[in-house]
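Report on the following structure.
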Amino acid sequence: MRRWSLAGRLFLGQLAFILCVSGGIAWGLYQQAEENTYEETGERMLAVAGTVAASDTVRAAAGAFPDGQVSGDSALQDYAQEVMAGVGVDFVTIMDTDRTRLTHRNPEQIGKPYIGSVDQALAGESFTETYTGTLGPSVRAITPVRDDAGNVTALVAAGITVDRVGIARDARLPELFAIDAAALAVGALASYLLSRYLRRVTYGLGPAELAHMFTFYDSALHSVREGLLLHNNRGELVLYNDEAAALLGLPARGAGPEVPELPDLPGPLASLLRTGRDAHEEVHLTGERILVVNQSDAVSPGPHGRRFGIVTTLRDCTDVESLTGELASMRTLADALSAQAHEHANRVHTLVSLIELGRSEEALRFATADLEQSQHLNDEVLAGVEEPAVTALLMGKAAQARERGIDLEITVAAAGGRFSGGGVEPVELVTIIGNLLDNAFDAAAGLVTLSLGSADGALLIAVEDDGPGVDSDVLEHIFEQGFSTKQLPEGRTASGRGIGLALVRQAVNRLSGRIQVLPGHGACFRVDIPLPSTEAAPAGGRP
């Protein structure tokens, strides 16, 4: 069985409709042509009858009899014959007021009574009618003949048979049918062009296939675990799925306006969606989420595909970032062990060289001093920080600081003298402390101070360096994704820069905390994180 496309079905339906409409138009035109022909014929007969009634010949013949009775006269018959031949009517009958015919096309009918209505004419009014007389059905006009005093002295009837009226009507039909055929052709052509357009835009699919496709695509759209946004060429949001609504705070499907406006988004992400540029695996931050964004044009299939808009996919990597934070702490610890191994190798070489030179006392003092310094820092970190992930992070950062020639001072001012994290997720603490320390290492001239503590039911973290500090004109932008004051090495691009402090702010926002940039010689960042009520520590020292 042949499968009919939506365009084909619509074309057949429109063609049938156009045929019905054109048939109705043809019938209406035919009826109108017939009506107009009868009206025009009646008016023509009125003119002929009026002209004959006003002629001097007829009036003189009617006025020749004082009693108003007109007798048959061959002169009238000849006159009537001339009029019939001259104007092309079938009969001109002049009659007495008692219906007696004085003239007729058939001379044998002269003297016999006229067949038809005369009452209006006798009353002095001209009129038309369709009536069956001796010549058959005819369209006729009856007009009174008046004398100088205005009295009706005779009557004149002029008519043409219905057969001849039909011939006149039929003469108009080709023109009317030509108009109807032209309308039919124009309608069929317009329907064909519309069906071709629909076939092109629907790819020749039928209604059932389109319904199934919509159902499948809609189900797939809302079941995928990635957010999907569709914008048209004017930049308007036309479609999104449930995951995109959850990631960007849009109304759920079936709630709110048909095409809602995008909510306030961070600058880089808002700029990406507004400009519609291509993007591949770009990382963007929202209030509480880390999103990987891909964006490209929506183009129809084919070598000359038409651009319909922009497709944007959003992948939530917040959980992945949490695992990445744990992995980063492990890598930091591994880097610390690597740095310690490197430092240990240098010290061992130094000790071996001193021993080979016979300077054993200096070698002993060098080894003792190095051991005391390393042990002091390790003991300080282990004694002051209870959270293992933070401990590992600080051990690694201490090793990195030594490699870069930076003094890292760690102070703990918490209840009991130990920093436990107060129930805050270790991954969040690693993200905040690690990125703040990395930022401080890049800016420091030689000293970085980390203060950890708790007070008034809040966890306090402060990182300060002795670098140039933060200019006041960049304070409002320093936590924006992509913003950075660091100089790029030659040959490097800005991809991936300006994300550390943005991640810190995002983590602080997730914990309902606050981050501040405090005035000082260098840069000083302070983070206040409210503790759960069950974990709130008593007031202690303030870093």
- prompt: Between residue 193 and residue 264, what FRET efficiency comes out of the Förster formula 1/(1 + (r/R0)^6) with R0 = 60 Å and r the beta carbon distance, rounded to 0.05?
  reply: 0.85
task: Return the sequence-ordered ³J(HN,Hα) values of region 74-85 in whole Hz as given by the Karplus equation 6.51 cos²θ - 1.76 cosθ + 1.60 applied to θ = phi - 60°, using x for Gly and Pro.
output: 5, 5, 5, 4, 5, 4, 4, 4, 4, 5, 4, 6
- line: In the neighbourhood of residue 447 defined by beta carbon distances under 15 Å, the net charge of the other residues (Lys, Arg +1; Asp, Glu -1) is -3
- request: Report Rg(Cα)/(2.2 N^0.38 Å) for region 224-316, keeping two decimals.
  value: 1.06
task: Rank 28, 45, 15 by how far each Cα sits towards the positive end of the charge dipole of region 6-169 (+1 on Lys, Arg Cβ; -1 on Asp, Glu Cβ) and give me just the farthest.
output: 15
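Got a sec? How would 317, 524, 20 order by Cβ neighbour count within 10 Å, fewest to most?
Going from least to most buried by this count: 20, 317, 524.
Let me spell out the model: positive unit charges on the Cβ of Lys and Arg, negative unit charges on the Cβ of Asp and Glu, origin at the Cα centre of region 6-169. What dipole size does that give, in debye rounded to 20?
660 debye
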- request: First measure r as the distance between the Cβ atoms of residue 129 and residue 47, then evaluate 1/(1 + (r/R0)^6) with R0 = 22 Å and state the FRET efficiency to the nearest 0.05.
  value: 0.90
field: Charged-residue dipole, Cβ positions (Lys, Arg, Asp, Glu), region 131-170 about Cα centre, Debye nearest 20
entry: 120 debye
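Laboratory data are not the source of any read-out in this text; all were calculated from the coordinates shown. As the structure is a prediction and not an experimental result, all values here were calculated from the model. Using ideal geometry, Cβ is built from the backbone for each residue, glycine included, and neighbour counts are taken over all protein chains shown.
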